[in-house]
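Below: the structure, in structure tokens.
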Amino acid sequence: MYIKGKAPFKIKVVEPIKWNTRAKREQIIRDAHYCFAYVPAEEIPINLLTDSGTSAMSQEQWAGMMRGDESYYGARNWYNFEKAVQDYTGFKYVLPAHQGRAAEHVVCRALIKKPGGTAYANAHFGTTEAHVRLLGANPVNLPVPEALDPEVPADFKGNINLEAFKKAIKEKGEDNIPFLNMVLVNNFTAGQPVSMANLKEASKLARENGIKVVVDAARVPENAFFIKEREAGYGNKSIREICNEIFSYADVMHMSAKKSALVNIGGFVATDDESLYEEMGQWLIMFDGFITYGGLSGRDLEAVAIGLSEGLDYDYLAHRVGQVEYLGNLLRERGVPIYEPTGGHGVYVNGEKVYPHIPKEEFAAHALSVETFIESGVYAAENPSSLGWSRTDPETGKYTPPPFELLRFAIPRRVYTDSQLEYTADGVKAAMDKGKQVKGFRFIWKPDNEFLRIFYYKLERL
Ligand code: F0G
């Protein structure tokens, strides 16, 4: 149970934030064509766009940055980084990367050897989807049925549908499945965790059929925290032990360190497979950097090495996951419909329920994002919703919206106070209370690549 105010840190350095008037905010978002990518971040006092790269670093991390060794080869920080990742994952071979998608890139390059295959996942993150497509394969999500119902509470709605995966192996044949990707926690289904039992079984099925298992570990400590709290047999294990077991079911893992490693930039790949490591290393040198820095400076490597361990601390995680639950409770108390239960990194509000008069094609979740900003200066981004996640199926050519219109209030780590979350909940309530006077949107410009619609577009109000 979250105890309000019981944070395992205190604030040493502050970053001022600016508050505009409501009229100014209305003008700012109108001038940006209702796309927050065009709004200067200084105009957004409470920014819940993402928990990626937005963490507050600790005094140990800042001190570590002063020990940065910027030698090209063999910087001392690389050895600290390598050891930290080995301890974290249990894997022998480590490759640094400048962020998660650069890590995914080398994994996808090494595993997708021919076009035409299908890469399955509990739900791929957008950049993984894009990499798989770029290499001529088809990314397919197999969430469990309960994950598609925002109102059903269950412990592990991030799980993969094992029956569907079994059927897919039979239908496609293992030679046409370059890998299974397990994302922990599952960003697409509201930050819900995957159970150890589900991961273990999915991994067994894949390995029995010669299919490589990838773990996308962007938020693996939060997932391990839920396993410890909810799954029988894990209550007495440490978060590090649980993470080690998770990685034992993977052939290769990658991580955007910008999330649960509490840094502003960084990522990595790890495996025990020597030939895979060698191949990925060669791709890394071409696209990101040498195999001992991967696009990072020595000081960044050090911050990751320290942040990885801090991210496994139980008290920190209880506060981190607790803050998400706390914001969820504040919204529930105000009658705001949220995806149940709250997950590991943010609260996802059900835009379709807040504004039932706005059809999918007119972007209800985005309308709630815009109204919340106008009312309060709080910014949250739709994720997933039809604005950025509608996709053309390469096999059928069918244009399909995602199952939800959700607005994600992602909580940066160690950044906002509980009272700022209370202010946030009031802002959402004020936006919801505007009801039917709120209108939807239509595109006036969008990027040709449909995956990039997650990031930018131009809209007008209907
Ligand atoms: N995997 C997952 C599950 C992610 O959520 C992200 C990024 C990545 C990989 C890619 O990592 O940004 O370091 O290149 N998610 C961010 C978000 C952008 O806001 O959810 P990256």
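The values are calculated or read from the model by the stated rules, or taken from the named source; none is laboratory data. Because the structure is predicted, anything quoted here is derived from the model rather than measured. Note: ideal-geometry Cβ built from the backbone for every residue, glycine included; neighbour counts use all protein chains shown. With ligands, DNA and RNA removed, areas are computed over all heavy atoms of the protein, side chains included. Shrake-Rupley method; radii C 1.70, N 1.55, O 1.52, S 1.80 Å.
A few notes on this one:
- Lysines with Cα under 27 Å of Lys360, excluding same-chain neighbours fewer than 8 positions away: Lys157, Lys398, Lys429, Lys434, Lys436, Lys439, Lys446, Lys458
- Less than 5 angstrom separates the built amide H of Ala381 from those of Arg408, Ala410, all sequence-distant by 5 or more or on a different chain.
- Note on Glu422/Lys113: beta-carbon distance plugged into 1/(1 + (r/R0)^6) with R0 of 56 Å gives a FRET efficiency of 0.60.
- In this structure the chain gives 40 Å² per residue of accessible area when probed at 1.4 Å with all protein chains present.
- Calculated FRET value between Glu146 and Glu279, using beta carbons and R₀ = 45 Å, to 0.05: 0.75
- For Ile338, distant residues with modelled amide H under 5 Å away: Asn350
- When the charge dipole of the chain is built from unit charges on Cβ atoms (+1 for Lys and Arg, -1 for Asp and Glu) and taken about the Cα centre, the candidate among Leu142, Asn161, Phe441 whose Cα reaches farthest toward its positive end is Phe441.
- Calculated [θ] (222 nm, deg cm²/dmol) that DSSP helices of n ≥ 4 give over the chain, each run adding -39,500 (n - 2.57): -12000 deg cm²/dmol
- Alpha-carbon centroids, segment 349-383 and segment 18-86: separation in whole Å: 24
- Reducing segment 174-240 and segment 392-462 to their Cα centroids gives an inter-centroid distance of 27 Å.
- Area projected by the alpha carbon convex hull of the chain, averaged over all directions, nm²: 20.7
- Eligible aspartates and glutamates near Lys170 by straight Cα distance, threshold 13 Å, same-chain separation 8 or greater: Glu208
- Of all lysines in the structure, the ones whose alpha carbon falls short of 21 Å from that of Lys258, not counting any fewer than 8 places away in one chain, are Lys83.
- Percent carbon-and-sulfur accessible area, the chain, ignoring ligands, DNA and RNA, probe 1.4 Å: 52
- Pairwise label distance in nanometres, Glu26 with Glu163, each label 7 Å out on the Cα-Cβ vector: 5.2
- J(HN,Hα) series, segment 330-342, from Karplus relation 6.51 cos²θ - 1.76 cosθ + 1.60, nearest Hz, glycine and proline x: 4, 6, 4, 4, 8, x, 7, x, 10, 5, 9, x, 6
- Extended-chain gain in nm, criterion 0.36 nm per residue less alpha-carbon gap, Asp155 and Lys18: 45.4 nm
- J(HN,Hα) series, segment 15-29, from Karplus relation 6.51 cos²θ - 1.76 cosθ + 1.60, nearest Hz, glycine and proline x: 10, x, 10, 10, 10, 9, 7, 4, 4, 5, 5, 4, 5, 4, 6
- Per-pair calculated FRET efficiency, R0 = 45 Å: Lys434 and Lys10 via Cβ, rounded to 0.05: 0.75
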